[in-house]
Amino acid sequence: MIRRSILAAALSLLTVAALAQTATQPTAATSPGATPPAAAPATPKARSELTLAKFQKRREKAIMAADTDGDGKISLLEWEAFQAKRNVKGDAAKSFARIDSNHDGFIDRAELDAFFAKRFARLDKNGDGILTADEMPGHKSAPKPEQ
């Protein structure tokens, strides 16, 4: 129980740090005496970066499509049907159990947020609270590994 509390506190701190970092960065318009940056380099970079909040929101939206009865949580049967529809290889029950951290037989939004916060922390190699294209190996914008 203490481990879960520590994990929840750590994930909360990561979320707050990521949000604080993005909220406190000055923009060119608000910085006195700053010259506007070139528009071309900033646009592609912004598209390839994800904060924890955006990462969780995108993933949660995709996964909650499995909630076919609309009750706000995913049962094992819904999860198995969702995984079969997506042609996911592997044991759906194992992946369900990994996400269902309180073992109540359902995956809810809080469990998804915690699961994706762990995944985000693993992917965020430099710990800056932002995923860049080179930190997202499975992402379509990530550079391809050398063969």
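The values are calculated or read from the model by the stated rules, or taken from the named source; none is laboratory data. All values reported here derive from a predicted model rather than from experimental measurement. Every residue, glycine as well, gets a Cβ built from its backbone with ideal geometry; the counts of neighbours run over all protein chains shown. In case anyone asks, the SASA skips ligands and DNA or RNA and just uses the protein heavy atoms, side chains included. Shrake-Rupley method; radii C 1.70, N 1.55, O 1.52, S 1.80 Å.
Restricting attention to the stretch 52-83 and to residues that are outside any helix (DSSP H, G or I) and not hydroxyl-bearing (Ser, Thr, Tyr), the residue that is nearest to residue 108 (Cα to Cα) turns out to be 73. Exactly one residue among 92, 53, 65, 110 is without any contact (Cβ under 8 Å) to a residue 40 or more places away in the chain, touching a Phe, Trp or Tyr at 6+ places or on another chain (Cβ under 8 Å), within 28 Å of residue 132 (Cβ to Cβ) and not charged (D, E, K, R), and that residue is 65. The single condition among (1) without any contact (Cβ under 8 Å) to a residue 24 or more places away in the chain; (2) out of contact with any Ser or Thr (no Cβ under 8 Å at 6 or more places or on another chain) that residue 83 does not meet is (2). Consider the stretch 97-131 and keep the residues that are in contact with an Asp or Glu (Cβ under 9 Å, 6 or more places away or on another chain), outside any helix (DSSP H, G or I) and modelled with pLDDT under 90. The one that is most open to solvent (accessible area, probe 1.4 Å) is 125.
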